[in-house]
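The values are calculated or read from the model by the stated rules, or taken from the named source; none is laboratory data. Worth saying up front: this structure is predicted, and the values here are computed from it rather than measured. Because the Cβ atoms are built from the backbone with ideal geometry, glycine has one as well, and the counts that use them run over all protein chains shown.
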Amino acid sequence: MAGDTQTVSGYIVHHLTNLTYGKLPAGYHRHDGSTVGEGGAWVMAHGGDEAAAMGFTAIHVDSMIWSIGLGIFFCWFFRRMAKKASADTPSGALNAVEMIVGFVDNTVRDSFHGRNPLVAPLALTVFVWVFLMNLMDLIPVDLIPHTLALLGVEYQKIVPSTDPNITMGMAVGVFILMLYYSITVKGFGFVKELTLNPFNHPVFIPVNLFMEVVGLLAKPFSLGLRLFGNMYAGEMIFILIAALFSAGIAWLVPAGLMQVGWAIFHILIITLQAFIFMVLTIVYLSMAHEDH
């Protein structure tokens, strides 16, 4: 909950600030009055201003830890379930995992029209990984940040998919695979797609190239920003509702009901966003395998 000495705007900004590590430039005046010496300094940022001053060298430590940790958990858990698989009727967690695998496999069969053994495992990884990152949004917004604050960790964002660096990083990974398979499967036909569509005449090559490149680049941007925008908006609503708890006793029950209601509705959102990211990944890779 928001503290008595903290404004609502300060509370919101604090919860939306990443734990950032990076290099401050020489001569930068820090929050404690000190000045960074010659050559700069690699430090944890104190607030958004210092994080912005770090520029491209900044690393969102919390996003990296939570996203990698959830990825490791996914690999460990699914490997454990795979070792338990048998011809008997599955139950419990094993049944849930088999349902997810079957669902993803059917989606790949319906949406992917090429032949590539990488696509189904990639789709499963994307779906479960994004879902787990989104699922962190259901944890009370103050629980982990306040707990870690007792250990001296000032900032903590626990939902990696609310960080555009994470979502765009995944989208760029998909984009690289798109380019790789477009080149390996289509060869020179990929160049013809970029230069002779939609107008099949040499005169229109510059126009075709411009439109096709813009459309190609729009795919990773839409893929990453769609996930980020939806999850960021959902997290913002959770934070705003949590801020109501500091408005007085009269707001405790309404704020609690709103938190529960939004959390129930948000279950649909986090699942849908993971599904959309997976389906678009499959469709984009399918397009990369289609040689006309």
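Some notes on this structure:
- Gly229 vs. criteria within 24 Å of Val119 (Cβ to Cβ), without any contact (Cβ under 8 Å) to a residue 12 or more places away in the chain, assigned to a helix (DSSP H, G or I) and not aliphatic (A, V, I, L, M): no
- Screening the stretch 121-154 for residues that are without any contact (Cβ under 8 Å) to a residue 24 or more places away in the chain and outside any helix (DSSP H, G or I) and picking the one that is farthest from Glu50 (Cα to Cα) gives Ile139.
- The residue pairs whose first member lies in the stretch 15-27 and is free of Cβ contacts under 8 Å to residues at least 60 places away in the same chain and closer than 18 Å to Gly37 by Cβ, whose second member is among the hydroxyl-bearing types (Ser, Thr, Tyr) and surrounded by fewer than 21 Cβ atoms within 10 Å (Cβ to Cβ), and whose beta carbons are closer than 7 Å, counting only pairs six or more residues apart or on different chains, are Gly22/Thr57; Lys23/Thr57; Gly27/Thr35.
- Filtered residue count, the stretch 156-211, keeping only those that are charged (D, E, K, R) and within 25 Å of Val279 (Cα to Cα): 3
- Subset tally (residues that are over 22 Å from Ser246 (Cβ atoms) and either over 19 Å from the mean Cα position of the chain (by Cα) or not in a helix (DSSP H, G or I) (or both)) for the stretch 256-282: 2
- Those residues of the stretch 230-264 which are surrounded by fewer than 15 Cβ atoms within 10 Å (Cβ to Cβ), in contact with a helix residue (DSSP H, G or I) (Cβ under 9 Å, 6 or more places away or on another chain) and not aliphatic (A, V, I, L, M), in sequence order: Pro254, Gly256
- Count of the stretch 181-217 residues which are exposed (fewer than 11 other Cβ atoms within 10 Å of the Cβ), part of a helix (DSSP H, G or I) and not aromatic (Phe, Trp, Tyr): 4
- Any hit, the stretch 283-292, residues being of a type in the set (D, E, K, R), outside any helix (DSSP H, G or I) and touching a residue at least 60 places away in the same chain (Cβ under 8 Å): yes
- A count restricted to the stretch 265-277 and to residues that are in contact with a Gly (Cβ under 7 Å, 6 or more places away or on another chain) and crowded, with 17+ Cβ neighbours inside 10 Å stands at 1.
- Breaking point among (1) of a type in the set (A, V, I, L, M, F, W, C); (2) surrounded by 15 or more Cβ atoms within 10 Å (Cβ to Cβ); (3) at pLDDT 90 or above, for Ile72: (2)
- Considered as a group, the residues in the stretch 155-172 that are aliphatic (A, V, I, L, M) and not in a helix (DSSP H, G or I) include one that is surrounded by the most Cβ atoms within 10 Å (Cβ to Cβ), and that residue is Val159.
Quick grid of which residues meet (1) surrounded by 18 or more Cβ atoms within 10 Å (Cβ to Cβ); (2) at pLDDT 85 or above; (3) out of contact with any helix residue (DSSP H, G or I) (no Cβ under 9 Å at 6 or more places or on another chain):
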site	(1), (2), (3)
Val13	no, yes, no
Ala26	no, yes, yes
Ala41	no, yes, yes
Ala45	yes, yes, no
Gly48	no, no, no
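Quick grid of which residues meet (1) in contact with a Gly (Cβ under 6 Å, 6 or more places away or on another chain); (2) not polar (S, T, N, Q):
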residue	(1), (2)
Thr35	no, no
Val43	no, yes
Gly47	no, yes
Glu50	no, yes
Ala53	no, yes
Ala58	yes, yes
Trp66	no, yes
Gly71	no, yes
Trp76	no, yes
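- Here is the figure for the stretch 151-201: residues that are touching an Asp or Glu at 6+ places or on another chain (Cβ under 9 Å), of a type in the set (Asp, Glu) and modelled with pLDDT of 85 or more total 1.
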